[in-house]
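Note sheet for the following structure.
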Amino acid sequence: MDVLGLIISLAFFVYFPIAGISSILLARRINDFGHQGVNPLLKTCWTSFTMFMMGCSVILIGCSFFSLSTSQYSGVGAIFLIIPITLLLSLTIYLEYLCYLSTSALNQGDEHDLPEPLRNLTHKTHVLGWIVLGLPLLLFAPGLLLAATVVLSFAMVFLVFVILGSVLNIMSVSKRANESELLWLLALCVEKNIPIAEELDMYSLTQKRKYREKIQLLSSRLYSGESLSDSLSTTPGLVPQSAIVAVRIGEESNSLGIALRDAAVQSTKKLKHLSDNSNLTIIFLYLTVVVSIQFLITGFIMYWIIPKFKKIFLDFGTELPSVTLGLMNVSDYFVAYFYLFLPLFSLPIIALVLTQVGNYYGWYNLRIPFFTEWFPRLNTPHCLRQIAQSVSVQKPPQIALESISTFHLWADVRMRTQSVNERIKQGENTWESLQNAKVINETEAALCSTAERMDNLPYVLRTLAESIELRRARKLRVLLEFLKPIIISFLAILVGYFVIALYMPLVKLIYDLV
């Protein structure tokens, strides 16, 4: 009976998959490339392989008869065991016979198109190949039902996330478009000396209800005498936080029109580059799906498959290799304390949600405690542009720094800018102060000093800010491109470890029985 179990295992887990895959590949090759011009050596190899597979089927049937004839089962019991084995292996013999006929028909005739008999033959081979390939699933029908339920639930969850992500991407584009439109409207009102509050009232009539209420709230605060920067600051979500700082600088330096136009231009540029952000989101979604599915498959194997293998090997009395024992110990620990791993499994989904939220609201418009303190250069491009805005109208950089230290959303940026401003008041050079605060590096400080002497500082500051942003986007894309093969390689190593750990005892069992 042990030998019969080994024969069934070899048939279901080795022979049937090889027969099914090879027949499917042969049928697809003939359908895709026709039957003319086939390498004679390749045709000979295919023919020999089909004959070899038919011989294997005959050998497995003969071994099954021999095993049952030497067992203690009664004649009726042996018949009930041998009939399904013979039928299944006869099915593979018929499949390999169809493959033999298909290979024999290669390079026959002058027409490249498949003759009707050969087309029907390859169709039968293709369908029967999938059936044979699916035969091993019969042994795991209960487990597969559970796995299908889990996979379907998991797929539904990810489908919901994909739909929500697409909706958030659309909403984020709409939000950025509204911000740009409002900034251009404010810039034109200031440049043409049009009353802003009255124009906002007219503009709000063309908007949807929620956004219209925000616009009307902004206009009511302007009617009450508040400055534009204060009104925008107390009505969040209408314009980016960097634009509020720019408006404040424009008010302090009597260059509000220039400040609003610069903010509108910058917002429009970001709107044009939203496709890059969406591509990065798609890449991140791809990595999240791959990692999460691997976690799901690993958990299923540890919960359902490994205990079955463990029982089979222990029943045979096989001494298990250390690799297999280690995997089984990890599996037992995983099943016993699965609730400890749930937070780990949820990390990709949490990261995906945070990414979508950040893309919608804008990372610079979110209060992110602790994290921003570790990266003092995150706000460097905005800081350089705001200093350029102040310098371009012949005002000192301190005006920009004071506005940043008052209106910026991040507490660490406000504190750092305030420290820089105090050092400048004490006589320290502006660029040295920014370098000491790690806002700019030594090369950027030297470049700014040179540009200041050459009376070309605003252009250099804006160019430097754009260069830093482009460099960051390029580094992020490179990092993600490196991250994909690293994660895939790690998952491949994990799969290889499972395969080695589960099949080494099987090889040892076959060797012991032989």
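Laboratory data are not the source of any read-out in this text; all were calculated from the coordinates shown. These figures come from a predicted structure and were not determined experimentally. Cβ atoms come from the backbone with ideal geometry, glycine included; neighbour counts cover every protein chain shown.
Points to keep in mind about this one:
- Highest average packing first - 198-211, 376-389, Cβ atoms within 10 Å: 376-389, 198-211
- Approximating the spin labels as points 7 Å out from Cα along Cα→Cβ, the L366-to-R209 distance works out to 2.9 nm.
- Which listed pairs, of K270/K438; K192/K438; K270/K484, have C-alpha distances above 30 Å, in listed order: K192/K438
- Potential lengthening of the chain between L271 and S489 amounts to 74.9 nm, from the contour at 0.36 nm per residue minus the alpha-carbon distance.
- Taken along the Cα-to-beta-carbon direction at a fixed 7 Å, the label points for I21 and I194 span 6.8 nm.
- Extension gain for the segment I312 to E469, taken as residue separation times 0.36 nm less the Cα-Cα distance, is 50.6 nm to one decimal.
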